[in-house]
Every structure is written in structure tokens, then in C-alpha cells.
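These notes are about the structure you will find just below.
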Amino acid sequence: MKKNIFYFIIPMLCVLLFKYFNNATESREINISESFSSELLKKIPEKINFNFHVKPIISDKCFACHGPDEKERKANLRLDTEKGLYKISENLVSLIIDKNAPEKSELIRRIYHENESILMPPPESNLELNDYEKSILKKWVMQGAEWNKHWAYIKPSITTIPKVDNNDWVNNPIDNFILKKIENNQLKVSKKENKEILIRRVYFDLIGLPPSVKEIDDFINDKSQYAYSNLVDRLLESKNYGERMASIWMDIARYGDSHGYQDDLERVMWPWRDWVIHAYNSNLTYDKFITWQIAGDLIPNATKEQIVATGFNRNHKITQEGGVIPEEYRSEYVADRTNTTSKVMMGLTMECARCHSHKYDDISHEEYYGMYSFFNNIDEDGIISYKDKAPKPNLTISKDDIEKDLSFIKLPDSINEVTFMIMEETEKLRKTYVLNRGSYNSPTTEVQPMTPKAVLPIKKNNSNRLDLANWFFDENNPLTARVVVNRLWQQFFGVGLVATPDDFGSQGNRPTNPELLDWLAITYVNDNWDTKKFIKRILTSSTYMQSSKVNNFNKQYDPENVFLSYFPRQKLTAEMIRDNILASSGLLVDKIGGPSVKPYQPKGLWDEVTGGGGGSLAKYVPSSGVNLYRRSVYTFWKKTVPPPSMMIFDASNRDNCEVKRQDTSTPLQSLTLMNNPEFVEAAKYLAEKINEKNLSSESKIKLLYRTITGRKPSKNEIIKLIEYYNSENTGDDLLAFNKLTMLVYNLDETSQKS
């Protein structure tokens with residue numbers, strides 16, 4: 001008996017001793033200074049911010065097992081919610097975060113544990129935390145583990161303009177924010193771009209066209225202090241500014257000259273496009289620009305111009321196909337308006353909540369249909385006739401209307417009036433229901449107009465589209481200003497401060513410079529949403545005026561140019577590439593507004609996708625005369641077959657709202673530049689013009705190169721160009737010069753902004 005007791009006691013003592021020493025090890029507070037080197041400590045922020053320091057770590061390393069996806073969640077533990085972080089969970093003996101005894105928090109114990117069966121993240125997940133990440137988490141816990149709601153849902157706060165060492169480089173406060181990051185990361189700014197290159201950059205950015213040789217020379221020779229500032233002012237006042245800005249808005253508004261879907265017949269919406277150009281040229285403030293487009297028809301005593309603006313939310317696809325269920329398609333139109341408005345104004349992927357509550361963002365199924373309800377009362381049909389180019393609700397504009405109030409609509413002399421689509425409420429408002437799985441025929445509970453509570457609840461009961469528009473510009477709305485200034489920043493630097501301009505939610509990128517983003521947002525609002533003033537501030541910053549040349553150190557330590565220590569190289573947009581070739585050749589017809597035109601495109605493309613309707617879009621018939629050489633913003637856009645040369649250069653197909661295009665380089669782009677009839681014709685035209693001049697061959701080549709690229713060729717480049725010209729010259733000077741022109745048009749530099 002005694003022997004049996006002995007055999008029982010000894011193992012028990014061993015277990016108890018093991019637990020004692022193990023617990024002693026586990027409970028030992030881990031000192032930050034013990035964790036890693038002093039060099040690493042320098043990189044740790046003094047005050048840890050949950051959104052910008054902690055959440056990126058736990059999102060990347062923890063959410064896969066302890067995040068919003070219920071099916072993948074382990075141990076019933078959520079780290080993506082405030083409630084989840086401050087509780088005792090299954091298989092845990094202490095609080096995840098213990099504010100009363102932070103050193104005993106389970107989070108700290110697990111991330112530093114030496115036992116692989118306890119360590120988090122577990123080794124088998126291949127999601128190891130490095131020393132820096134561990135230290136951030138520990139320091140956050142020791143500082144009180146302050147939880148913040150998602151950064152984008154917090155109202156922008158007034159930011160102190162940071163002090164910098166190199167004050168001589170600073171031209172306006174934007175530079176302080178940029179330079180502070182550069183200095184903190186031991187990088188060096190680039191020198192100011194030379195005037196020859198800078199003028200080309202600012203021309204394309206503001207008017208989408210290249211400067212002429214004379215304009216370049218005038219700028220170079222202007223030695224006044226305000227030469228550049230005056231140049232920016234002149235371009236902002238150019239009629240071409242509105243065309244450049246409108247070309248961006250066309251993607252956002254999913255503009256097209258056809259209805260889309262299978263038969264895809266012609267629609268008339270170009271008067272609305274003319275309004276957009278006019279609005280930008282007249283510097284209509286952004287709050288009015290948006291309000292009129294969303295709810296111009298609901299403004300008391302609305303003007304015809306305000307009603308014209310509402311065409312924005314009639315640019316979605318509309319079916320003409322027989323046999324469809326009208327209500328099914330009408331609900332698609334409403335959803336399109338909901339998704340577009342949410343993406344443009346809030347930078348949120350609300351469409352994810354159409355079938356169920358959003359998996360990652362705090363947007364419920366009910367809130368989606370609360371937004372949906374704002375757009376559910378349009379007096380429209382789900383299916384329209386084959387003959388209907390402007391289905392109801394619509395507006396007819398006569399020549400008298402144009403002469404009185406709407407001179408920006410460029411009605412051809414051959415037409416007395418034009419009818420196009422607008423927004424208009426039904427006399428009897430529809431009830432809106434939550435649709436089970438988003439199905440039009442599965443209504444559940446009725447909902448009233450509402451906005452996402454996480455962003456800002458709308459205060460007014462029984463709100464309409466005008467109330468929604470006003471809500472976007474409520475002083476407490478945290479998203480509107482941030483989203484638009486980010487898009488404008490993207491327009492000039494290629495990438496926004498938030499690299500995901502359509503997703504400011506939890507799965508989107510966090511701002512690379514949150515202080516600057518908030519400063520820009522607040523400044524834009526304080527300037528009464530003055531877009532031209534905002535743009536000038538960006539373009540007159542030293543940040544924008546930097547050279548694109550980068551030193552090896554910066555390239556090595558900031559390969560993606562996150563800190564903007566040099567100006568990012570960018571390709572021209574599809575529209576700019578075409579317009580640049582036409583403008584530099586002298587073929588471009590500089591005429592504002594009017595119906596869309598049809599430049600060259602390969603034969604037979606429309607024939608392949610023409611449905612039973614046929615009609616005016618059964619076959620592609622190119623325009624004639626000057627209409628072949630209009631700016632690309634006026635190119636006829638068939639939604640099922642967008643202009644192929646545009647698509648090859650990454651234009652949006654405009655099926656849906658797009659706030660950022662892809663950026664690719666493909667062999668098809670080179671083949672298009674070499675073979676597109678427009679480009680071949682432009683090259684021939686320019687070659688003839690320059691070849692006729694009474695100049696030496698070398699001087700002609702220099703002029704050609706400068707006309708196309710905007711700069712003088714180097715000595716080495718001149719030698720190579722002359723060699724090519726001579727190798728192709730078998731007795732026909734013009735033919736050789738034409739080939740040389742095509743060569744220069746096909747250089748990478750020709751398709752670059754800077």
C-alpha cells in the first residue's frame with residue numbers, strides 16, 4: 001500500500017513543480033528594453049496609436065484566426081472588436097488585455113512565450129511577429145491599450161504643421177508634412193525639376209495637353225519670381241482645364257453614349273458631359289458640384305442647370321432586352337446609384353452589404369438598404385423601348401433655353417432641341433425593404449432612409465436625396481473631405497495618400513501621411529471647397545516641383561517612393577496619349593462640347609456584339625472632317641465595346657464607377673502606337689510640316705524631338721537620331737523623316753508625364 005502511495009505522490013510532485021516553474025516564467029513581466037536593441041527602440045513611436053500602429057499588426061497577423069470571419073475564427077476569440085480585446089475567452093486564464101494589470105495581459109504572455117504550443121501567432125500559421133511588432137503591441141498595452149474606432153470614421157482634427165530642418169526647401173505647408181517624413185527616414189529630397197520638364201508636367205496635369213515649343217521657350221525665358229505661379233493660374237483659367245477634369249469624372253460617373261447590356265443601343269447624355277466641363281471651368285465649389293448632381297432636382301426653385309446636373313446618376317446601364325423582369329432591373333439601377341454614390345463620396349464598398357451585413361466594415365444589411373432608399377423613388381422603368389434614347393425621367397432643352405441659361409450646352413446648328421435623362425422623384429414614394437440576399441423579389445423588413453451609424457447617423461427623419469447631399473457636407477462627416485482630397489492628390493502623384501481611393505474601410509490601405517491627409521481635408525473645407533485653389537496649393541509645393549531623378553540611397557530604402565522624396569514617374573492616360581499625338585502634330589481640333597464623335601477604330605468590332613436591336617449602333621461609322629480629330633473626352637463610348645485604343649491604354653470600360661485606373665505596359669500598346677491610323681496620319685502630318693522648313697537635317701531632327709517630347713535632345717540622342725534617319729533615307733527624305741517621327745512617337749518618354 002505504501003509503495004502504491006509513493007508511486008502516486010512522486011508524479012504529482014513533478015507535475016506541481018513543473019507548473020510552478022512554468023507559471024513563474026509565464027508571469028514574469030517582459031521588459032521592453034530586454035526585448036530588443038536600442039536601435040530598434042528608436043523606431044518605436046513615443047505614443048502608440050491603435051489605428052496606425054497596432055491595428056495593422058493584428059490585422060495582418062491575427063485576424064485570420066481571430067477576426068470577422070466567423071467560419072475561420074478560433075477559440076471564439078475576436079481581436080477585431082473592442083469587446084473581444086477586453087474579455088476572457090475560451091482556454092484562457094486571464095484577460096486578453098488587463099488594464100488594471102497590463103503586464104499580466106494574455107496578449108503579452110502569448111506573443112513572447114517560448115513554448116510553441118502557447119506562442120501566438122502559432123508557428124504553423126507562418127505569421128511570425130518580429131521584435132518591432134512585439135514591442136509596439138506591448139507598449140500599447142502598457143500605455144493603457146486605448147481603443148479607437150476605425151481611423152476614417154473619426155472626424156479630421158486640426159493638425160499642427162510640423163517643424164523641419166530644411167526650411168529653405170519648404171514652399172507651403174504641404175512640404176512641411178512631406179519633408180518631416182523624409183527627414184525622419186534619413187532620406188534626401190530631389191532637386192527642383194528644370195523648367196523644360198516642369199512645364200510639360202503641369203500642362204498635362206491641368207489641361208491634359210502638351211505645351212508648344214513656343215510656350216516652353218516663353219516659360220524658360222521668363223525669369224520673374226512668379227513665372228511658375230502665373231503659369232499655373234493661366235492653365236487653371238484655360239477652357240481645356242474643364243476637359244481634363246471632366247475626363248476623370250467620366251470614369252467616376254460611368255458615362256457612356258449607349259445603354260449597355262445586350263442590345264446596347266444609343267443614348268443621349270452628352271449635354272450632361274458639357275455641364276461637367278462647364279462646372280469645372282467656372283470653378284463650381286465641390287459641395288455644389290456634388291449636391292446638384294445628387295439632388296439638383298430637389299433644390300427649392302431648382303434652375304435648369306441644377307436639373308441638368310442630375311444626369312450623373314442616370315449614367316448606369318439600362319436594359320432594352322425583351323423578356324426581362326422590369327422590377328429586377330429597376331432594382332439593379334437603384335443598387336448602382338447606391339454603390340456609386342457610396343464609393344465616390346465615402347470611399348466605402350457598401351455593395352458588400354447588399355446581400356448581408358458587411359464582413360469587415362461596420363455597415364449592416366439594413367443600413368445598405370437605408371442608403372438604397374434614397375435612390376428608390378426615381379420615376380423610371382426597368383425596361384425601355386428600342387427607340388428610346390432618353391428614357392424618363394428626362395429633360396428637353398431647346399435653343400431658346402441654351403441662349404438664355406444654358407450656353408455651355410453646345411447644340412449643333414442642325415438640331416433644334418435635345419432630350420436627355422435626369423433625376424426626378426415619383427409622385428407616390430415607394431416603400432423600401434431589406435432584400436434577402438439582395439434579391440428583388442425577397443423583401444423582408446421595411447427600412448427608412450438612413451446612413452451608416454459608424455460614419456455619422458443622418459438626423460432628419462424621412463430624408464430625401466437633398467438631405468443626403470447635405471449630410472455628405474455636414475461638418476461632422478469624417479469621410480467626404482478626406483475622400484475627395486485623396487482623389488485629387490492621386491490625380492497629380494499617381495497614388496493617393498490612401499492608396500485605395502475606393503476603400504477607406506478596414507480592408508483598405510491606411511494613409512501614408514495621415515497628418516497631411518487631415519490637414520488637406522480641413523484646409524479644403526475652410527476654403528469653401530474651392531477646387532482650383534486646392535489644386536494650385538498642390539502644384540506650387542516643392543513636393544510637386546521635384547525632379548523625377550532619384551538617388552540610389554532613396555531608391556534602396558524607399559523603393560515605392562512612399563515618402564515622395566522625388567516626383568513619381570507616371571504614364572499619360574489613354575486620353576492624353578491620343579491628344580498628345582494629335583496636338584503635337586497640329587491635327588487636334590480645339591473645340592469645346594457638343595455630341596460625341598467617332599474617330600478611327602478597327603472595322604467589325606461593333607458587328608460582333610450587336611444584338612437584335614441593331615439600330616444606329618449596328619455598325620461603326622467613323623466621323624468625318626474635323627470630328628475625327630476632336631479631344632478624346634468627346635469620343636463616342638459604347639458600353640459593350642468601348643474604344644479599343646482607349647482600353648489598350650488602361651481606360652475604364654465604364655460599366656461601373658471607377659476612381660482609379662489600372663496601370664499596365666503591354667506589347668499591344670506599342671503595336672497600337674505604330675499602327676493606329678490616327679497616329680500614322682499624325683506622324684505623317686508633322687513630318688511634312690517640319691520637313692518643309694528651311695533648316696538643316698540636324699535642326700529639323702532637334703525641332704521634331706522637342707515638339708513631341710517637350711525637351712531638347714542630348715548630344716548622344718542627336719547622334720542616334722541622325723544615324724537612324726540616315727539608315728532609313730534611301731533617297732526619299734520625307735519618307736525617312738516620317739519613319740523618324742513614328743520612332744519618336746513610340747519612345748517611352750513620349751508617353752510619360754514627366
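Filter the stretch 289-304 for residues that are over 16 Å from THR338 (Cβ atoms), hydrophobic (A, V, I, L, M, F, W, C) and either surrounded by fewer than 22 Cβ atoms within 10 Å (Cβ to Cβ) or touching a residue at least 24 places away in the same chain (Cβ under 8 Å) (or both) and give the result. Talk me through it step by step, then tell me what you get.
Initial filter on the stretch 289-304 (over 16 Å from THR338 (Cβ atoms)): 289, 291-292, 296-304.
Applying the additional criterion that residues be hydrophobic (A, V, I, L, M, F, W, C) yields 289, 292, 298-299, 302.
Scanning the stretch 289-304 gives PHE289, LEU298, ILE299, ALA302.
Out of ILE199, ILE154, which single residue is under 30 Å from THR709 (Cα atoms) and touching a residue at least 24 places away in the same chain (Cβ under 8 Å)? It would help to see each step written out before you state the result.
Working: ILE154 fails: under 30 Å from THR709 (Cα atoms).
After applying the criteria, what remains is ILE199.
Given (1) at pLDDT 95 or above; (2) within 33 Å of the chain's Cα centre (by Cα), where does LEU703 come up short, assuming only one miss?
All conditions are met except number (2).
Scan (1) closer than 27 Å to MET423 by Cβ; (2) of a type in the set (Asp, Glu); (3) without any contact (Cβ under 8 Å) to a residue 24 or more places away in the chain for the single condition ASP503 breaks and write down its number.
Single failed check for ASP503: (3).
What do you reckon, is ILE108 modelled with pLDDT of 80 or more and either surrounded by 15 or more Cβ atoms within 10 Å (Cβ to Cβ) or out of contact with any Gly (no Cβ under 8 Å at 6 or more places or on another chain) (or both)?
Working: modelled with pLDDT of 80 or more: yes; either surrounded by 15 or more Cβ atoms within 10 Å (Cβ to Cβ) or out of contact with any Gly (no Cβ under 8 Å at 6 or more places or on another chain) (or both): yes.
Yes: the conditions hold for ILE108.
Residues to consider are SER407, SER331; find the one that is in contact with a helix residue (DSSP H, G or I) (Cβ under 9 Å, 6 or more places away or on another chain), surrounded by fewer than 18 Cβ atoms within 10 Å (Cβ to Cβ), modelled with pLDDT of 95 or more and under 27 Å from ASP251 (Cβ atoms). Give the derivation first.
On the way: SER331 fails: surrounded by fewer than 18 Cβ atoms within 10 Å (Cβ to Cβ).
Checking each option against the conditions leaves just SER407.
Could you pull out the residue among SER652, SER665 that is part of a loop (DSSP other than H, G, I, E, B), surrounded by fewer than 17 Cβ atoms within 10 Å (Cβ to Cβ) and under 28 Å from the mean Cα position of the chain (by Cα)? If you could, list the steps in order and put the result at the bottom.
Working: SER652 fails: surrounded by fewer than 17 Cβ atoms within 10 Å (Cβ to Cβ).
The match here is SER665.
From the list PHE534, PHE553, which one is surrounded by fewer than 21 Cβ atoms within 10 Å (Cβ to Cβ), within 23 Å of LYS188 (Cα to Cα) and touching a residue at least 24 places away in the same chain (Cβ under 8 Å)? Walk me through how you get there before you give the answer.
On the way: PHE534 fails: within 23 Å of LYS188 (Cα to Cα).
One residue alone meets the criteria, PHE553.
Give the residues of the stretch 614-658 that are polar (S, T, N, Q) and in contact with a His (Cβ under 9 Å, 6 or more places away or on another chain), sorted by residue number.
We begin by selecting, within the stretch 614-658, every residue polar (S, T, N, Q); these are 616, 623-624, 627, 632, 635, 640, 645, 652-653, 656.
Selection gives ASN656 alone.
Restricting attention to the stretch 555-572, which residues are of a type outside the set (Ser, Thr, Tyr) and farther than 26 Å from THR750 by Cβ? Before you say what the answer is, go through the steps one by one.
From the stretch 555-572, those of a type outside the set (Ser, Thr, Tyr) are 555-556, 558-564, 567-572; that's our starting set.
GLN556, ASP558, VAL562, PHE563, listed by residue number.
Considering only residues that are more than 31 Å from the chain's Cα centre (by Cα) and aliphatic (A, V, I, L, M), which ones fall in the stretch 418-446?
VAL418, LEU429
Being aliphatic (A, V, I, L, M) and either in contact with a strand residue (DSSP E or B) (Cβ under 6 Å, 6 or more places away or on another chain) or modelled with pLDDT of 95 or more (or both): is that true of VAL626 here?
Numbers: aliphatic (A, V, I, L, M): yes; either in contact with a strand residue (DSSP E or B) (Cβ under 6 Å, 6 or more places away or on another chain) or modelled with pLDDT of 95 or more (or both): yes.
In short, yes.
Is it fair to say GLY242 is within 25 Å of ASN376 (Cβ to Cβ) and surrounded by 23 or more Cβ atoms within 10 Å (Cβ to Cβ)? Full working, then the answer.
Values: within 25 Å of ASN376 (Cβ to Cβ): no; surrounded by 23 or more Cβ atoms within 10 Å (Cβ to Cβ): yes.
Considered against the rule, which asks whether it is within 25 Å of ASN376 (Cβ to Cβ) and surrounded by 23 or more Cβ atoms within 10 Å (Cβ to Cβ), GLY242 comes out as no.
Identify the residue in the stretch 740-754 that is part of a helix (DSSP H, G or I) and within 27 Å of the chain's Cα centre (by Cα) and, among all such residues, is nearest to LYS684 (Cα to Cα). If you could, list the steps in order and put the result at the bottom.
Kept after step one, since they are part of a helix (DSSP H, G or I), are these residues of the stretch 740-754: 740-745, 748-751.
After this cut, where a residue has to be within 27 Å of the chain's Cα centre (by Cα) as well, the list is 748-751.
On the way: ASP748: 20, GLU749: 20, THR750: 17, SER751: 19 Å.
Top of the filtered list is THR750.
Which residues, counting only those in the stretch 214-236, are part of a helix (DSSP H, G or I), loosely packed, with under 15 Cβ neighbours inside 10 Å and hydroxyl-bearing (Ser, Thr, Tyr)?
Scanning the stretch 214-236 gives a single hit, SER229.
Output the number of the condition that ASP336 fails; it satisfies all remaining conditions of (1) among the acidic types (Asp, Glu); (2) modelled with pLDDT under 95; (3) touching a His at 6+ places or on another chain (Cβ under 7 Å).
Failed condition: (2).
Of all residues in the stretch 305-328, how many are assigned to a loop (DSSP other than H, G, I, E, B), without any contact (Cβ under 8 Å) to a residue 40 or more places away in the chain and crowded, with 24+ Cβ neighbours inside 10 Å?
0
The values are calculated or read from the model by the stated rules, or taken from the named source; none is laboratory data. The structure presented is a predicted model; accordingly, all values stated were derived computationally and were not measured. Counting neighbours? That spans all protein chains shown, and the Cβs are built from the backbone with ideal geometry, glycine included.
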